[in-house]
Amino acid sequence: MVTTNESAHSTQKSLVGRVRSAIKSAGINHSEVARHIGLDASKLSKSLAGTRKFRVEEISGIAELTDVTTDWLTTGRKTRPPRRHMVSEARPEEAGEATAALTSASVADDTEAPDAPVVEEPWMSKGTRNRAKIIAAAWELYADRGIDKVRTEDVARASGLTASAVNYHFRTKNQLLQAALRYSLEVIGRTRDLNEPSDPVSVLRRFARMHAGVDVRIRRVWSIWIQSWARASTDADARANLAGVYGEWLEMMTGVVLAGQREGTIRTGDTALIVKALSIFIDGLGVARSTEQMPLTDEEALCMLENYLNAHVLTDDLPTQTQGRGTAPGCPELTQ
C-alpha cells in the first residue's frame with residue numbers, strides 16, 4: 001500500500017518533472033523564469049531540485065511563460081504540453097538566450113557516451129527546426145575547426161541554410177556560442193536522467209566518467225568547453241556566457257547529489273560545496289585527458305574518479321545492490 005507521504009512525494013516529483021519539461025521545451029533559461037515569476041534564482045533551483053515546493057502563483061506564472069496549462073503542470077492530464085513556438089518568433093535579443101528545444105534518448109548503459117541530441121521532431125515549427133540545425137552545425141564546426149575560425153557562412157553551409165537565416169536567429173557570435181555550449185549539456189547531460197534519477201549513484205558515476213573524457217566520443221564537448229574557458233579569461237561576454245551555462249550544469253548535478261543524499265547513498269553536508277568540488281576535479285581530469293598534457297589511460301582515469309567519489313562523495317555504507325567501491329578494472333581502493 002502506498003502511504004500518504006509516499007503519494008505526495010511522487011506527485012511532487014511528477015510536478016517538478018513537468019515544470020522542467022515545460023521550461024526546456026519553451027527554450028527559456030532558468031534566470032529568465034525566475035525573473036518572470038518574481039522568484040529568487042536560488043529558490044527556483046531548490047524547487048526544480050525537489051527540495052522546495054512551488055507556490056500556486058509560481059506554477060501559474062510558469063504556465064503562462066511556457067505556454068502550457070496549469071492543469072497539465074499540476075496533473076499531467078494531457079498527453080504532452082502544447083509546444084511553444086517562441087524560438088523563431090522571439091525578439092532578437094531573446095532568441096540568443098533561448099535554449100534549443102531538443103529531445104534526446106536515454107543512455108543505454110554507463111559505458112557509452114550518448115550521440116548528439118536529435119535536431120528535428122514532428123512537433124517542431126520550421127523556425128525551431130532551423131534554429132536547431134544551426135546550433136548543431138555550429139557546435140561541430142566550433143569543436144573541429146576552432147571557434148575563432150568559423151564564419152557565419154560556414155555555419156550556414158553546414159546547416160543547409162542561408163547566412164541571413166543564421167543572423168535572424170543569432171545576431172551575434174556570442175549568442176550562437178552560448179547556444180552551442182548549452183547543446184553540449186544536451187549531449188553530455190541527458191537532462192531526463194539528471195532531473196529524476198532512480199539510482200543517483202549510478203547516474204553520478206556515468207556522467208562523471210563521461211564528463212571526464214573517458215569516452216573519446218565526447219571530444220567535441222571538451223573542445224568547445226576548453227576554448228570557451230580560454231576566451232572567458234580575457235572576454236567579458238564569453239565569461240558571462242560560460243558562467244550562465246556552467247551554472248545550469250552545476251544545477252543538474254546538484255539535483256543528482258540531493259537525490260542521493262535523500263536516499264542515504266551520498267554524504268550529507270554542504271551540497272553546493274560537494275558539487276563544486278566534484279566539478280572542479282572532473283574538469284581538471286577532463287582537461288588533462290582531452291589535451292593529452294599528461295599520459296593517462298582510461299583505467300587510471302576511472303581509478304581517480306572512483307577513489308575521489310569514495311573519499312569525498314559516497315557514503316561508507318552503500319547498499320549491496322548499489323555498484324560498490326573499486327568498480328573500475330584493477331582499481332585499488334584508497335587506504336584510510
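The values are calculated or read from the model by the stated rules, or taken from the named source; none is laboratory data. These numbers were taken from a predicted model, which means no experiment stands behind them. We place every Cβ from the backbone using ideal geometry, glycine too, and count neighbours over all the protein chains shown.
The condition of being among the hydrophobic types (A, V, I, L, M, F, W, C), part of a helix (DSSP H, G or I) and at pLDDT 85 or above holds for A165.
Screening the candidates A238, A277, A208 for the property of being among the small types (G, A, S), at pLDDT 85 or above and in a helix (DSSP H, G or I) yields one hit, A277.
Residues in the stretch 32-59 that are without any contact (Cβ under 8 Å) to a residue 12 or more places away in the chain and part of a loop (DSSP other than H, G, I, E, B): D40, R52, R55. Among all positions in the stretch 171-181, there is at least one residue which is in a helix (DSSP H, G or I), modelled with pLDDT under 90 and among the charged types (D, E, K, R). Residues in the stretch 222-235 that are assigned to a helix (DSSP H, G or I) and hydroxyl-bearing (S, T, Y): S223, S228. Under the condition of being buried (at least 19 other Cβ atoms within 10 Å of the Cβ) and either modelled with pLDDT under 80 or in contact with a Pro (Cβ under 9 Å, 6 or more places away or on another chain) (or both), the residues counted in the stretch 34-59 number 0. What do you reckon, is T254 polar (S, T, N, Q) and not in a helix (DSSP H, G or I)? Answer is no for this residue.
Residues in the stretch 228-264 that are free of Cβ contacts under 8 Å to residues at least 24 places away in the same chain, among the aliphatic types (A, V, I, L, M) and farther than 19 Å from S42 by Cα: A230, A232, A236. Select from the stretch 24-33 the residues that are over 19 Å from R77 (Cβ atoms) and either surrounded by fewer than 19 Cβ atoms within 10 Å (Cβ to Cβ) or under 15 Å from the mean Cα position of the chain (by Cα) (or both) and list them in ascending order. Correct list: K24, G27, I28, N29, H30, S31, E32. In the stretch 263-274, of all residues being in a helix (DSSP H, G or I) and β-branched (V, I, T), the one that is surrounded by the fewest Cβ atoms within 10 Å (Cβ to Cβ) corresponds to T271. Just to be sure before I move on: is E299 of a type outside the set (A, V, I, L, M, F, W, C), farther than 20 Å from G247 by Cα, part of a helix (DSSP H, G or I) and modelled with pLDDT under 90 in the structure I sent? Yes: the conditions hold for E299.
Of (1) more than 22 Å from H30 (Cα to Cα); (2) buried (at least 19 other Cβ atoms within 10 Å of the Cβ); (3) touching a Ser or Thr at 6+ places or on another chain (Cβ under 6 Å), A212 satisfies all except one. Which? With (1) more than 22 Å from H30 (Cα to Cα); (2) buried (at least 19 other Cβ atoms within 10 Å of the Cβ); (3) touching a Ser or Thr at 6+ places or on another chain (Cβ under 6 Å) applied to A212, the lone miss is (3).
Residues checked against (1) surrounded by fewer than 19 Cβ atoms within 10 Å (Cβ to Cβ); (2) at pLDDT 90 or above; (3) part of a loop (DSSP other than H, G, I, E, B); (4) of a type outside the set (D, E):
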| site | (1), (2), (3), (4) |
| --- | --- |
| T99 | no, no, yes, yes |
| T111 | yes, no, yes, yes |
| M124 | no, no, yes, yes |
| T128 | no, no, no, yes |
| A132 | no, no, no, yes |
| I135 | no, yes, no, yes |
| L141 | no, yes, no, yes |
| D154 | yes, yes, no, no |
